[in-house]
1. If you count, for each residue, the other Cβ atoms within 10 Å and average over each peptide, how do 423-435, 22-34 line up from highest to lowest?
2. Write down the radius of gyration of the stretch 403-451 and its Dmax, each obtained from C-alpha positions, in Å.
3. Quick one: order K346, K235, K118 by neighbouring beta-carbon count within 10 Å, fewest to most.
Amino acid sequence: MVHPELKGERLQTRAPAARLAEAVGLARGIELAVVHAEVIRVPRVRPATLFGRGTVDRLRALVKGPGAVPEVFGKDDDTDDDEVADEEAAPDDGGPASVDVTIVDAALSPVQQRNLEKALGCKVIDRTGLILEIFGARARTREGRLQVELAALTYQRSRLVRSWTHLERQRGGFGFMGGPGEAQIEMDRRLLSERIVRLAKEIKEVKRTRAIQRRARQRVPFPVVALVGYTNAGKSTLFNRLTRSAVVAKDQLFATLDPTMRALRLPSGRHIILSDTVGFISDLPHELVAAFQATLEEVCEADVVVHVRDMSHSDSEAQREDVHGVLAQLGLEATVDAGLIEALNKIDLLPPEPRALVVNQALRRAPPAPPAVPLSAATGEGVAALLAAFDARLAQSRQEIEAEVDLADGATLAWLYAHGEVLDRHDDERLAYLRVRLDAADAARFARRREDGKI
């Protein structure tokens, strides 16, 4: 596992060592045994192999042993080695000869990937390929599998040349005949394109089904609160704590891929639908953002978006910016500004002083900054305050009405209690006088009941 620290990356808030540790966690999440991990500074990107000749030779020696003969690609005359900035683990578990795959924690071009595979003598995948492998291994529902396959095929389409290196790429005598290898590549690209079109149609049907389900919920109607956040921030643990469910929650990156929704009753008596979604990550491949649009539509349609943050992580602030970047890709700037709540999770893992700082900063938050609630999904501390924050945020979009209801009209009284928040009530011998907070849709329904003489 290598993380290339590219020129300019040192100015970013995320430490390269933390990026490397995250990549190692991703690999171990699909049961890969990481025998060596390091950060390599790359002063200048080589178009052929990304790394310089010296680094490629050294990596080949790690993979194949010190007696391996180096292979160098491209016309780069710079033979200086790139710098090793950090090292996470030395080779073990059988030594370098046991290496089956090298993971480069960056985006590789098809040419760079092919050349590195030839130089190192093992399979090479980049960050996008690794994340796609994880998603392919974890997706459980038909919808999830469709979206993963669409993302994988979109990614592979530009890399078909790697699949046909065993064929001679003969050039035609007139310069426009590609030879048998070129014909096979074009055939494969056509088959991939056809499959991508079919998958897109199936996912479109999934979107249509979800739209029907959303319309059904809107008729009830229950507001939707969506949990979003960086992968492994504790969303599923919080979801289980709030809904008393048993959704898979592991100390593992991308433990949740398929969305889960449960009904939840708030302290005010109001019912909502809570949605647990796939975690975000830095440099999330655009293929995945596009393919998972159907799943992430639940976030787009949510009344309240809850950003669950891991406050015990050293890169918590950088993770926050990554999540906001993905939300911006989804076109959710307006939703985030209007209805975002930050759940500052895992405060139980913080030492006393940093914990006190997080709590004090949350208490001092004022608009336009989103409200923040320190909590621990593992212990339950702060969860009641988060539920109260849900109520407060949803109440901002509610209308306050006054109603006079005949005490004999039990159905209307029950309807007001079921759909609204009764703020005040006093009765005389015949009528109940209520002050109720209702959603705009429910307030309109109540007004129609009055006009129809049902009250």
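1. In descending order of packing, they fall as 22-34, 423-435.
2. 10.3, 31
3. Placing the least packed residue first, the sequence is K118, K346, K235.
Coordinate-derived values only; no laboratory data. Nothing here was measured: the structure is a model prediction, and the numbers come from that model. Glycine also receives a Cβ, built like all others from the backbone with ideal geometry; neighbour counts cover every protein chain displayed.
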